[in-house]
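Here is the structure we will look at, set down as structure tokens.
The values are calculated or read from the model by the stated rules, or taken from the named source; none is laboratory data. Because the structure is predicted, anything quoted here is derived from the model rather than measured. Positions of Cβ are generated from backbone atoms using ideal geometry, with glycine treated the same way; all protein chains shown enter the neighbour counts. SASA here: full protein model, heavy atoms, side chains in, ligands and nucleic acids out. Shrake-Rupley method; radii C 1.70, N 1.55, O 1.52, S 1.80 Å.
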Amino acid sequence: KQEVTQIPAALSVPEGENLVLNCSFTDSAIYNLQWFRQDPGKGLTSLLLIQSSQREQTSGRLNASLDKSSGRSTLYIAASQPGDSATYLCAVRGSNYQLIWGAGTKLIIKP
Amino acid sequence: NAGVTQTPKFRVLKTGQSMTLLCAQDMNHEYMYWYRQDPGMGLRLIHYSVGEGTTAKGEVPDGYNVSRLKKQNFLLGLESAAPSQTSVYFCASSYPTGGPVYSNQPQHFGDGTRLSIL
């Protein structure tokens, strides 16, 4: 059974720092891995989707990498801003339509 | 652009009451999903639908029923609410009509329904 883990559960860093969020999964047979952002009281917004054949995806200050063999993904945020404060979730998609989710990392960027 | 709309946004029920959560999407997506999100846990899939008139069980379907009578709507029902069903419920949709079945398309989410069962 696929399990997705995100460590740490919470992270607080000063504005301007570069940071890395981690996501690990137990079964390497995935179709894709997605990173989402969740703001308080809001739904989830898709940030990046990495297909199983890809190693990384970039969008603006965000870069996500995927290493299927080791069951790991990282989300790199460059030059963090207070507006980046949110909970970041990763999810992996296996051979069916279902996504298996991590519990998220709550990120606080201090001005 | 409405995207995915969930109603209601908040609700408090007493144990044993019933209610229906409505999800509507205007993106002509084939697939729709209902999740629940509990503190300290990832989202868990309750039921999903791959097209009008079809539904399937997800990871935690017990105590819930769903219907997809129209392509744009996906209803989640609680027949006899229990305190264990206190949660935040999210609806999502994906895969535009005519797209590959296994296309790598992200899911689009509503803002959630916060449900408390007393």
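Per-structure values
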quantity	calculated
Checking B:E59 against (1) in a loop (DSSP other than H, G, I, E, B); (2) under 30 Å from A:T5 (Cα atoms); (3) open to solvent by less than 70 Å² (accessible area, probe 1.4 Å); (4) within 14 Å of chain A (Cβ to nearest Cβ), the condition it does not meet	(3)
Test: residue in segment A:77-85 that is part of a strand (DSSP E or B), open to solvent by less than 10 Å² (accessible area, probe 1.4 Å) and in contact with a helix residue (DSSP H, G or I) (Cβ under 8 Å, 6 or more places away or on another chain)	yes
Criterion violated by B:E79 - all others in (1) in contact (Cβ under 8 Å) with a residue 60 or more places away in the chain; (2) open to solvent by less than 70 Å² (accessible area, probe 1.4 Å); (3) not hydroxyl-bearing (S, T, Y) satisfied	(2)
The one condition in (1) without any contact (Cβ under 8 Å) to a residue 40 or more places away in the chain; (2) under 23 Å from B:Q105 (Cα atoms); (3) buried (at least 18 other Cβ atoms within 10 Å of the Cβ) that A:G60 fails to fulfil	(3)
Residue satisfying condition, being over 24 Å from B:A56 (Cβ atoms) and more than 14 Å from chain B (Cβ to nearest Cβ), within set A:S24, A:S59, A:S28, A:S53	A:S28
Hey, A:S65 surrounded by fewer than 20 Cβ atoms within 10 Å (Cβ to Cβ) and part of a loop (DSSP other than H, G, I, E, B) or not	no
Residue selected from segment A:20-37 under the condition among the aliphatic types (A, V, I, L, M) and not in a loop (DSSP other than H, G, I, E, B), by the criterion surrounded by the most Cβ atoms within 10 Å (Cβ to Cβ)	A:L33
Qualifying residue in segment A:38-56 (condition: open to solvent by less than 50 Å² (accessible area, probe 1.4 Å) and acidic (D, E))	yes
Residue within segment B:75-88 that is farther than 23 Å from A:K42 by Cα, acidic (D, E) and part of a loop (DSSP other than H, G, I, E, B) present	yes
Criterion violated by A:T74 - all others in (1) hydroxyl-bearing (S, T, Y); (2) open to solvent by less than 10 Å² (accessible area, probe 1.4 Å); (3) touching a Cys at 6+ places or on another chain (Cβ under 8 Å) satisfied	(2)
Long-range neighbours under 6 Å by Cβ, at least six apart or interchain, first residue closer than 13 Å to B:Q85 by Cβ and part of a strand (DSSP E or B) within segment B:16-40, second open to solvent by 50 Å² or more (accessible area, probe 1.4 Å) and of a type outside the set (A, V, I, L, M, F, W, C)	B:R36/B:R44
Segment A:87-105 - residue that is more than 9 Å from every other protein chain (Cβ to nearest Cβ), of a type outside the set (A, V, I, L, M, F, W, C) and within 16 Å of A:N22 (Cβ to Cβ) and, of those, most open to solvent (accessible area, probe 1.4 Å)	A:T87
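Quick grid of which residues meet (1) more than 9 Å from every other protein chain (Cβ to nearest Cβ); (2) buried (at least 20 other Cβ atoms within 10 Å of the Cβ):
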| position | (1), (2) |
| --- | --- |
| B:V4 | no, yes |
| B:L13 | yes, no |
| B:M32 | yes, yes |
| B:K71 | yes, no |
| B:F90 | no, yes |
| B:S93 | yes, yes |
| B:Q105 | no, no |
| B:D111 | no, no |
| B:L118 | yes, no |
